[in-house]
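Each remark here refers to the structure printed beneath this line.
Please treat every number below as a calculation from the coordinates, not as lab data. Only a predicted model underlies this, so the values are computations on that prediction, with no experimental measurement involved. With ideal geometry, Cβ positions are generated from the backbone for all residues, glycine too; neighbour counts draw on all protein chains shown.
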Amino acid sequence: PLTAKELKQAFIMEVGKLRNETDLASVSMALPALPPAEPLNESDADAFFAAELNKLSMKERDDVLQDIHGVSDVMNENPEFVKRSTAGLLVELEKIPNESKMPYLLALEQNPNYVQDEKFLLMFLRADRFNEAAAAARLVSFFESKLELFGKDKLGRDILISDLTEEDRVCLESGYGQILSGRDRAGRAIFCLMPMCSSIKVIESKLRAIFMVFMFALQDVETQKRGIVGLVYNIGAGKSTDREAVWKAAKIVSILPVRFTGIHYCYDDEKIRLLFGLAMFVFNKNARIRCRLHFGTPMECIYTLMTFGIPSETLPVSASGDLRLEAHHEYISKMRKSEMARKRSCIILPGKYDVLLGRGKPLQKHNGNLNYHYVIEGFHSNYEQASKLEKTKLAKHIVEQIQGQGGRFLKQDETGCWVEIDDETARTKVSHTFRNHRIAARTALKKAAVAQEVCANVAPVPTDHRRRNFAFGATGMQLAQPAFDSKRRRVEDSRGIGDR
């Protein structure tokens with residue numbers, strides 16, 4: 001086993017051998033399978049991290065900060081650019097020696113349609129911001145890890161839940177690794193690693209669970225384009241101190257076709273802080289400089305994460321530290337249903353500007369639906385005055401405006417997955433929405449008129465001693481008045497004031 005010092009030297013030397021500084025996906029595979037026997041020194045880890053930050057230009061620093069705080073833009077992808085980049089990726093793969101890409105070649109032999117599918121290759125290009133050489137290195141490392149985890153007979157196809165062992169499935173359902181139910185303020189999916197959730201000790205089962213959760217989430221193109229926020233929650237009872245598990249988990253996420261726009265490590269014990277420093281040696285440069293550490297209680301860490309655009313209501317843990325796994329169990333259920341349907345176009349986590357078709361308050365409160373109704377309101381008067389042809393054009397314009405914001409019109413199928421509807425159906429939906437707004441406006445006007453009429457006909461409330469008899473109405477007041485006058489005379493006679 002290497003010492004910490006030898007590990008750092010080997011790591012830096014390996015990085016220096018690569019043609020491009022971002023070709024770091026293959027570095028994780030070149031590092032030893034196990035962490036160094038000697039624990040990393042805190043000053044070494046901090047110095048290594050600080051040295052990389054100091055090398056960044058001002059623009060690179062700004063890019064990092066924008067990514068971490070969720071204010072960065074999505075890369076524009078036109079068809080010609082995508083086609084050229086895909087061809088360039090295949091050229092870069094050819095340049096890698098055969099002896100260094102044997103698992104990739106084996107997968108290619110088993111199923112070339114799977115390995116060279118444009119949608120599959122695009123995942124790796126997006127993970128490395130269309131750096132073709134880096135994407136090629138990541139793709140080769142991906143098949144090496146897939147071979148180690150699942151065997152050679154599954155290299156040429158997607159991995160299914162039915163391919164997992166019983167221990168793998170228990171770990172998958174435990175919430176050890178999970179995609180949260182909501183996105184951050186930039187519309188990015190959030191992956192959360194919670195070591196305390198799983199009682200499974202077999203590290204390979206944990207790695208297979210991580211692999212499955214990520215690859216299912218990456219079926220969504222929106223998630224590929226915007227990247228993923230990583231969150232490691234290592235707080236409270238059951239927190240992990242397993243250095244080997246941290247090392248191997250960091251290696252597996254480094255080769256998956258995912259771009260981390262930020263990684264947050266929450267902990268409540270300074271003794272385990274260096275575990276994350278260990279993982280930083282494995283992460284590629286772009287992920288490593290986007291790492292942030294948060295020390296404190298569950299409530300303190302939750303509030304800190306909120307400042308980075310991560311909503312507290314999506315976190316699988318409460319401020320008191322209680323676990324909330326209902327959303328994860330629903331996610332696993334969607335995985336199973338999707339496998340039965342075998343739909344690769346299934347959208348697991350709707351985007352920030354997606355319009356969700358259906359009924360119920362959760363859908364009404366979705367950001368994309370609120371934005372959609374705001375757009376509809378802006379064109380309501382124009383739509384009411386337009387001709388039939390003009391209404392059709394206006395509906396088409398609104399669909400294009402939503403799509404221009406990055407939104408889609410989605411509906412849930414029988415498996416619970418969201419699928420995109422065609423433009424014609426979306427335009428019909430827009431027309432229906434305009435009609436519903438018109439009906440709602442008329443109903444509101446009628447209610448307001450009725451309420452105004454009721455207020456106008458209500459008699460003023462008495463302010464004298466007759467208030468208590470007001471409920472009787474006019475007739476009641478007349479009937480109650482003699483009894484009231486008789487009582488008043490008796491009181492006055494007893495006081496000696498009578499008619500004097």
_Distribution of pairwise C-alpha distances over segment 237-316, 5 Å bins, in %_ = 3, 14, 23, 23, 22, 14, 1
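Report the Rg/Rh value for segment 161-258, based on alpha-carbon coordinates and the Kirkwood definition of Rh. Write out the running numbers ahead of the final one.
Values: Rg = 13.2 Å, Rh = 13.8 Å.
Reported Rg/Rh, Kirkwood definition of Rh: 0.95.
Rank-order 200-209, 277-286, 87-96 by packing density, defined as the average count of other C-beta atoms within 10 Å over each peptide's residues, highest first. Present the calculation step by step, with values, prior to reporting the outcome.
Details: 200-209: 19.2, 277-286: 22.4, 87-96: 15.0.
Peptide ranking by packing, descending: 277-286, 200-209, 87-96.
Express in % the proportion of alpha carbon pairs of segment 269-391 at distances exceeding 17 Å.
Numbers: 5772 of 7503 pairs.
The share of Cα pairs beyond 17 Å in segment 269-391 comes to 77 percent.
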_Ordering of 417-428, 136-147 by packing [mean C-beta count within 10 Å, highest first]_ = 136-147, 417-428
*At what distance in nm do the modelled label points of S100 and E384 sit from each other, each positioned 7 Å from its Cα along Cα→Cβ?*
6.8
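Figure the gain on full extension for E377 and K337 (residue separation times 0.36 nm, minus the Cα-Cα span) and round it to one decimal in nm. Mind showing how you got there, number by number?
Values: separation 40, 0.36 × 40 = 14.40 nm, distance 3.70 nm.
Roughly 10.7 nm would be gained on extension.
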_5 angstrom amide H check on C291, placed H, neighbours 5+ away_ = I263
